[in-house]
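Student: First the structure, which I've put down as structure tokens, then a few questions once you've had a look.
The values are calculated or read from the model by the stated rules, or taken from the named source; none is laboratory data. Note that this is a predicted model, so its numbers are computed, not measured. Positions of Cβ are backbone-derived with ideal geometry, glycine not excepted, and every protein chain shown enters the neighbour counts. For the accessible areas, the whole protein counts, side chains as well, though only heavy atoms, and no ligand, DNA or RNA atoms are used. Shrake-Rupley method; radii C 1.70, N 1.55, O 1.52, S 1.80 Å.
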Amino acid sequence: MALRVKALQSLLVEKGLVDPAALDAIIDTYEHKVGPRNGARVVARAWTDAAYLARLRQDATAAIAELGYGGRQGEHMVAVENTPETHNLVVCTLCSCYPWSVLGLPPVWYKSSPYRSRAVIDPRGVMAEFGLVVPEDVEVRVWDSTAEIRYLVIPQRPAGTEGWSEDALASLVSRDSMIGVAFAGASGAGS
Amino acid sequence: MNGVHDMGGMHGLGPIAPEADEPIFHERWEASALALTLAAGAWGRWTLDASRHARESIPGPEYLRMSYYEKWITALEALMIDTGLVTADEVASGAPAAGFARAAPPLTAERVAAAMAAGGPTDRPLGAAARFAVGEAVRTRNINPVGHTRLPRYARGRTGVITRAHGGHVFPDANAHGRGERPQPLYQVRIEAAELWGPDADARSAIYLDVWEDYLDRA
């Protein structure tokens, strides 16, 4: 694949169809500028600011734009909140739609056939493969991203974090918790 | 189209394999595949819906074998050949045809930030009133088009409830095939797991999909 892509790239550059500096800028955007830290900031704000949470419920695209995030694959956002009664899980069974503007590019497992096929028919089994057990009395809602609406899960705020700063709270919010395959918590920050 | 890409509800495709500390790109060519696809897309020769259709048109056995970015590159080559930006011979040889006219790329480095920030919103004004209202019971149609559609097989001919109205959005079934945007109302629909998967399904589980008006009838 490396050779094939290199050949295509040199063809397109030579024909003046793509600008090599633009390619670098696109890669830099998704390697360094857009990623799950964006979404974690949205979640931390929602946890600490009731008025912001209300705006997020009303119009998530606008509320997320308040923090400076939007654009490609985040043009139309809906935030779905986990509560003691409800747990949310996001998938795209038909391709790999994902909220790039707040989570960056999707991980391989999200784009994989096993996840795409089973998330809708066996969400609890899928979550268990991530080590996540959602209690039987909690309703599981699976969001299949069939249109251009992108879904961001707002995980539950961990207990014992009263009075924490927004930055400290954001560090508890993992990418996986904003897809719905993890809870927010101590093991958050990395993935 | 009833392709293997429409895999919701299938069993047997293997374990999910989350990778700890996964890099954004596993190899540099993956980064190039992403960037080339976005940069070439800036020519406006195809729509997002057409590019999705190009990926799902990869023959099923190949589709299942290929990695994500391999599908992207395969679809990009097909789209660029179909729209005349390159020829199949050029892709095969990696060199421009003799006497080619050098173009000026529409997406320059200075424009990348603005282009990514703008994205491609699909909401559109509607000429007519929406047929359905939040809270109404609806039934998805049993359609099996050979072209692009965003109504998954597992959710066809099923009853659910409208939980949100998203306003007008570009209709992919038309837009993917160069038949125009034909915007129509888009709804969020809740379908209970038991309606989709039968009496043995998890009683405390539901699927939400975004469904265009043409996919729906009143229940």
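Student: For the stretch B:100-120, give me each residue that is in contact (Cβ under 8 Å) with a residue 40 or more places away in the chain, more than 13 Å from residue B:35 (Cα to Cα) and facing chain A (nearest Cβ under 7 Å).
Tutor: Correct list: B:105, B:120.
Student: Quick one: would you say residue A:172 is buried (at least 22 other Cβ atoms within 10 Å of the Cβ), over 22 Å from residue A:61 (Cα atoms) and more than 7 Å from every other protein chain (Cβ to nearest Cβ)?
Tutor: Here the answer is yes, as residue A:172 does meet what is asked.
Student: Hey, another quick one. Given the condition aliphatic (A, V, I, L, M), more than 7 Å from chain A (Cβ to nearest Cβ) and closer than 25 Å to residue A:103 by Cα, answer yes or no: does some residue in the stretch B:56-71 qualify?
Tutor: The answer is yes; a qualifying residue exists.
Student: In the list A:54, A:46, which residue meets the criterion of being open to solvent by 20 Å² or more (accessible area, probe 1.4 Å) and part of a helix (DSSP H, G or I)? Give the steps one after another, and end with the answer.
Tutor: Working: A:46 fails: open to solvent by 20 Å² or more (accessible area, probe 1.4 Å).
Exactly one of A:54, A:46 is open to solvent by 20 Å² or more (accessible area, probe 1.4 Å) and part of a helix (DSSP H, G or I), namely A:54.
Student: Restricting to the stretch B:107-144, name every residue that is more than 20 Å from residue B:170 (Cα to Cα) and open to solvent by less than 40 Å² (accessible area, probe 1.4 Å).
Tutor: B:107, B:108, B:109, B:112, B:138
Student: Might you let me know whether the stretch B:45-54 holds any residue that is part of a loop (DSSP other than H, G, I, E, B), more than 7 Å from chain A (Cβ to nearest Cβ), at pLDDT 95 or above and open to solvent by 40 Å² or more (accessible area, probe 1.4 Å)? Explain how you work it out, then say what you get.
Tutor: Filtering the stretch B:45-54 for residues part of a loop (DSSP other than H, G, I, E, B) gives B:45-47.
From the residues that got through so far, the ones that are more than 7 Å from chain A (Cβ to nearest Cβ) too are B:45-47.
If we keep only those that are at pLDDT 95 or above too, we end up with B:45-47.
With open to solvent by 40 Å² or more (accessible area, probe 1.4 Å) added as a condition, the list becomes B:45, B:47.
Yes, because at least one residue in the stretch B:45-54 is part of a loop (DSSP other than H, G, I, E, B), more than 7 Å from chain A (Cβ to nearest Cβ), at pLDDT 95 or above and open to solvent by 40 Å² or more (accessible area, probe 1.4 Å).
Student: Within the stretch B:64-80, is there a residue that is in a loop (DSSP other than H, G, I, E, B) and open to solvent by 60 Å² or more (accessible area, probe 1.4 Å)?
Tutor: No, the stretch B:64-80 contains no residue that is in a loop (DSSP other than H, G, I, E, B) and open to solvent by 60 Å² or more (accessible area, probe 1.4 Å).
Student: Please work out if residue B:39 is facing chain A (nearest Cβ under 9 Å), more than 17 Å from the chain's Cα centre (by Cα) and at pLDDT 95 or above.
Tutor: Yes; evaluated as a whole, the condition is true for this residue.
Student: Please tell me if residue B:158 is exposed (fewer than 14 other Cβ atoms within 10 Å of the Cβ) and in the same structural domain as residue B:198 (by TED's automatic domain parsing).
Tutor: On the way: exposed (fewer than 14 other Cβ atoms within 10 Å of the Cβ): no; in the same structural domain as residue B:198 (by TED's automatic domain parsing): yes.
The answer is no for residue B:158.
Student: List the number of the failed condition for residue B:89; all other conditions in (1) open to solvent by 50 Å² or more (accessible area, probe 1.4 Å); (2) within 7 Å of another protein chain (Cβ to nearest Cβ); (3) over 26 Å from residue B:173 (Cβ atoms) hold.
Tutor: Of (1) open to solvent by 50 Å² or more (accessible area, probe 1.4 Å); (2) within 7 Å of another protein chain (Cβ to nearest Cβ); (3) over 26 Å from residue B:173 (Cβ atoms), only one is false for residue B:89: (2).
Student: Of these, A:96, A:117, which one is facing chain B (nearest Cβ under 7 Å) and touching a Leu at 6+ places or on another chain (Cβ under 6 Å)?
Tutor: One residue alone meets the criteria, A:117.
Student: Working carefully through the options B:206, B:137, B:133, B:128, find the one that is within 12 Å of chain A (Cβ to nearest Cβ) and more than 19 Å from residue B:50 (Cβ to Cβ).
Tutor: B:206
Student: Picking from A:106, A:123, which residue would you name as being in contact (Cβ under 8 Å) with a residue 24 or more places away in the chain, in the same structural domain as residue A:81 (by TED's automatic domain parsing) and open to solvent by less than 10 Å² (accessible area, probe 1.4 Å)? Break it down stepwise before answering.
Tutor: Details: A:106 fails: in contact (Cβ under 8 Å) with a residue 24 or more places away in the chain.
Residue meeting the stated conditions: A:123.
Student: Follow-up. Return a yes/no flag: does the stretch A:15-32 have any residue that is in contact with a Pro (Cβ under 8 Å, 6 or more places away or on another chain), hydrophobic (A, V, I, L, M, F, W, C) and not in a helix (DSSP H, G or I).
Tutor: Within the stretch A:15-32, one or more residues are in contact with a Pro (Cβ under 8 Å, 6 or more places away or on another chain), hydrophobic (A, V, I, L, M, F, W, C) and not in a helix (DSSP H, G or I).
Student: Tell me, which strands (runs of 3 or more DSSP E) lie completely within the stretch B:119-219 with 1 or more residues that are of a type in the set (Asp, Glu)? Write out each step before concluding.
Tutor: Details: elements: B:137-140, B:159-169, B:184-192, B:205-212, B:216-218.
The strands (runs of 3 or more DSSP E) meeting that bar are B:184-192, B:205-212, B:216-218.
Student: Take the conditions under 27 Å from residue B:23 (Cα atoms), open to solvent by less than 40 Å² (accessible area, probe 1.4 Å), out of contact with any Leu (no Cβ under 8 Å at 6 or more places or on another chain) and modelled with pLDDT of 95 or more and apply them to residue A:82. Does it pass?
Tutor: It is false that residue A:82 is under 27 Å from residue B:23 (Cα atoms), open to solvent by less than 40 Å² (accessible area, probe 1.4 Å), out of contact with any Leu (no Cβ under 8 Å at 6 or more places or on another chain) and modelled with pLDDT of 95 or more.
Student: Another question, if that's okay. I'm trying to understand the selection: among the residues of the stretch B:1-36, which are surrounded by fewer than 18 Cβ atoms within 10 Å (Cβ to Cβ) and assigned to a helix (DSSP H, G or I)?
Tutor: Matches in the stretch B:1-36: B:28 only.
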